[in-house]
Structures are given as C-alpha cells and as structure tokens.
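Down below is the structure, laid out as structure tokens.
Every number in this text was worked out from the coordinates using simple rules, so none of it is lab data. Note that the coordinates shown come from a computational prediction; the quantities given were computed from them, not determined experimentally. Quick reminder, even Gly has a Cβ in these numbers, built from the backbone with ideal geometry, and neighbours come from all protein chains shown.
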Amino acid sequence: MQNTDPQSPNHSQHESPSPSVPGQSPAEQAAQADIEALQSRVAELEASNTELRDSILRERAELENQRRRLQRDLEQARRFANEKLLNELLPVYDGLERGLTVENADIASMREGLSLTLKSLLKVAENNGLTQIDPLGQPLDPERHHAVSMVEAPNVKPGTVVSVLQKGFVLNDRLLRAALVAVAKDD
C-alpha cells in the first residue's frame, strides 16, 4: 500500500507514485516505493557530497595560497629586516668617509670628528635597542661582566670594577657581549 500522506517522509511532491505493476502485492509495491525513495535520497546525498568535496578542495586551495603568501611575506621581512638600521647607519658611514678624505687635519680636529661620529653611531645603536655596559665603580656582576684580572686598588671595596677593558652591550635586555673588566682584589 502506498502512503499518500503529504507529511510522510516517504512522500515527495515531485515524485510521481510508482506505477502499479500487475501481479505485485501491496507489500511489494510498498517495498518498491521505499526503494525509489531511498534511491532518491542517495542521489541527494551524493549531490551534497559532491558539493562538500568541491567546497573542501576550494578551502584547501585557499589555505595553500594563504600559506604561500605568508611564506613570501616572511621571506621579504627577513630580507629587509635590517633596512631601517642600515639606513640609519649611512650618515655614520658618510661621516667616516668624509673624515678619511681630509688631508690637512690636526689631531684635535680628527679627534673631534671621530668623537662626533662615535656619538652618531651610539645614537643609532640606542634607537635600535642596543645599550652599553660601562660598569666602572660598580660591584662585579658575573651575568654582565667578565673579570679578566684582579688588581691592587687601595681604598676600593674588593670585587669592585676598577677598570673597563672593553665595554659590554645589551640588546633589548638581552646580553650581547659581557664587559671585560679588572676588579679590585681582597687586601
């Protein structure tokens, strides 16, 4: 017996009732109708599956394109990361080059030019997060100072830095190079 109830899940308004085959029992006709409904549902699910598969392929392609764009952007960022720093160093370079071209300079003017160039270089370094460690007169800090010698130093507390052989540097709170120092030894 065929279900003609429009609210029934087996009834579709677009389906025509299956033709009655002579010699089929009502149970066979109901089974045939169920098979046709299931075949219709399978066709719908296959179409939906195809749409989903296409959607997934498009999403994968979009993700791959985005990954490639990010990779390219990262590569560009790495290649030009020091552009700002190097651009700031160009005036220092120019100052040194101009200083080398001067032929009739006395020691005082050469010293003054070198001092100005050093100040310019230190300004560029500070602008990029580099700071000097100049621990003269401070207690030895093994995290930031490397003691290379101990010297007699009257009226100085033992373990105090009395001479800086090479200044240290910190880059954005990270030790780049420890200061080489001489410290006062115990009496």
task = Go through Leu70, Ser48, Leu85 and say which Cα lies farthest out towards the positive end of the charge dipole of the range 26-92; charges sit on Cβ, +1 for Lys and Arg, -1 for Asp and Glu.
result = Leu85
ask   = What angle do you read, to the nearest 10 degrees and between 0 and 90, between the alpha-carbon axis of helix 107-127 and the longest principal axis of the chain?
value = 30
Magnitude of the charge dipole, the range 129-187, Cβ model with Lys/Arg +1 and Asp/Glu -1, debye to 20 = 200
ask   = Considering only Met110, Ile133, Leu175, whose Cα is most displaced toward the positive end of the charge dipole of the chain, charges sitting on Cβ of Lys, Arg (+1) and Asp, Glu (-1)?
value = Met110
ask   = Could you give the dipole magnitude of the chain about its Cα centre, charging the beta-carbon of Lys and Arg +1 and that of Asp and Glu -1, in debye to the nearest 20?
value = 1040
ask   = What percent do you get for the relative contact order of the range 129-187 when only Cα pairs under 8 Å and 6+ apart count?
value = 45
task = Note down the nm distance, to one decimal, between modelled labels 7 Å out along Cα→Cβ at Asn155 and at Asp141.
result = 2.7
key: the range 129-187 shape via C-alpha gyration tensor axes, a/c threshold 1.5   = prolate
ask   = Given H placed on each backbone N at 1.01 Å, which residues far from His146 in sequence or on other chains put an amide H within less than 5 Å of it?
value = Ala179, Leu180, Val181
ask   = Which of the lysines could a cross-linker span from Lys123 if the Cα-Cα distance has to be under 18 Å and same-chain partners fewer than 8 positions apart are dropped?
value = Lys84, Lys167
